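Some notes on the structure that comes next.
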Amino acid sequence: MSADADVSYLWYPAPTPAGLEITQVYGYLLCPHTGRVLIIDDDGVFNLPGGRPEPYDEDMVATLKREAMEEAQVRVAQTAYLGYQEVRRAGRAPYAQVRMVGVISAFGPRRPDVDNGRTYRRLLAPLMHAPGVLGWGRPAVAQATLAGEIARTIWKLPVGTPAPPGYVD
């Protein structure tokens with residue numbers, strides 16, 4: 001549940017149902033060397049890289065890769081689908097916010113986001129710190145846990161290795 005009593009977030013580690021509008025695709029993007037997750041810092045407001053699917057995006061992976069480059073100037077290699085949050089808001093049909101996990105293949109120099117001209121800082125934090133930094137509650141804990149399982153078992157990333165948070169600017 002959100003702090004806003006009129007909104008609820010229900011996490012499903014499952015395919016997004018046909019007909020449920022997808023309004024966002026965000027990713028837990030991991031550094032392959034440290035296993036830390038990339039968190040966008042917009043003057044103290046934290047978020048995962050990602051955004052709204054555009055008509056020209058081939059699929060959710062294309063949306064995530066495009067948004068990661070626009071917002072954080074990172075290239076994303078492997079990706080995996082985690083699930084979706086069903087958002088229920090008074091006066092609106094339910095919709096989906098997709099969550100994915102991916103591996104960062106390259107960091108480019110920081111530059112302004114093409115959508116709004118803002119230049120974000122890039123915080124790399126231990127994966128299990130992400131829910132607290134983001135302030136997203138229990139759904140984010142479940143998402144980060146699943147992202148960690150995939151990263152450890154499929155990509156052999158060191159997500160459980162102690163690594164202090166730090167900025168990559």
Starting from the range 52-75, keep only residues that are farther than 15 Å from residue 109 by Cα, then list their pairs with residues that are assigned to a helix (DSSP H, G or I) and modelled with pLDDT under 95 whose Cβ atoms are within a distance under 6 Å, requiring at least 6 positions of separation or different chains. none
Take the residues of the range 47-77 that are surrounded by fewer than 18 Cβ atoms within 10 Å (Cβ to Cβ) and of a type in the set (Gly, Ala, Ser): which is nearest to residue 167 (Cα to Cα)? 77
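Within the range 80-123, which residues are polar (S, T, N, Q), more than 26 Å from residue 34 (Cα to Cα) and at pLDDT 95 or above?
Selection gives 85, 97.
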Sort out which residues of the range 106-161 are more than 27 Å from residue 11 (Cα to Cα) and either basic (Lys, Arg) or surrounded by 20 or more Cβ atoms within 10 Å (Cβ to Cβ) (or both), and write them in order of number. 110, 111, 118, 120, 121
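Each row is one residue, and each column tells you yes or no for (1) basic (Lys, Arg); (2) within 20 Å of residue 118 (Cα to Cα); (3) out of contact with any strand residue (DSSP E or B) (no Cβ under 7 Å at 6 or more places or on another chain).
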| residue | (1), (2), (3) |
| --- | --- |
| 31 | no, no, no |
| 34 | no, no, no |
| 43 | no, yes, yes |
| 51 | no, yes, no |
| 64 | no, yes, no |
| 77 | no, no, no |
| 94 | no, no, no |
For the range 13-44, how many residues are under 20 Å from residue 135 (Cα atoms), part of a loop (DSSP other than H, G, I, E, B) and either in contact with a Ser or Thr (Cβ under 9 Å, 6 or more places away or on another chain) or basic (Lys, Arg) (or both)? 1
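Looking at this structure, is residue 80 farther than 19 Å from residue 125 by Cβ, within 14 Å of the chain's Cα centre (by Cα) and either touching a residue at least 12 places away in the same chain (Cβ under 8 Å) or surrounded by fewer than 23 Cβ atoms within 10 Å (Cβ to Cβ) (or both)?
Values: farther than 19 Å from residue 125 by Cβ: yes; within 14 Å of the chain's Cα centre (by Cα): yes; either touching a residue at least 12 places away in the same chain (Cβ under 8 Å) or surrounded by fewer than 23 Cβ atoms within 10 Å (Cβ to Cβ) (or both): yes.
So residue 80 passes the test.
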One residue is enough: does the range 54-70 have a residue meeting the conditions in contact with a helix residue (DSSP H, G or I) (Cβ under 9 Å, 6 or more places away or on another chain) and among the basic types (Lys, Arg)? no
Count - residues of the range 131-169 that are modelled with pLDDT of 95 or more, among the basic types (Lys, Arg) and either outside any helix (DSSP H, G or I) or within 17 Å of the chain's Cα centre (by Cα) (or both): 1
Taking only pairs six or more apart or across chains, which ones have beta-carbon atoms under 7 Å, a first residue in the range 145-166 that is free of Cβ contacts under 8 Å to residues at least 40 places away in the same chain and farther than 20 Å from residue 46 by Cα, and a second residue that is crowded, with 18+ Cβ neighbours inside 10 Å and not charged (D, E, K, R)? 152/159
If residue 67 satisfies all but one of (1) of a type in the set (D, E, K, R); (2) out of contact with any Ser or Thr (no Cβ under 6 Å at 6 or more places or on another chain); (3) in a strand (DSSP E or B), what's the number of the condition it fails? (3)
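Scan 62, 3 and give me the residue that is small (Gly, Ala, Ser), closer than 24 Å to residue 120 by Cβ, out of contact with any Leu (no Cβ under 8 Å at 6 or more places or on another chain) and at pLDDT 95 or above.
On the way: 3 fails: at pLDDT 95 or above.
The conditions single out 62.
The values are calculated or read from the model by the stated rules, or taken from the named source; none is laboratory data. Keep in mind it's a predicted model, so treat the numbers as computed, not measured. Glycine also receives a Cβ, built like all others from the backbone with ideal geometry; neighbour counts cover every protein chain displayed.
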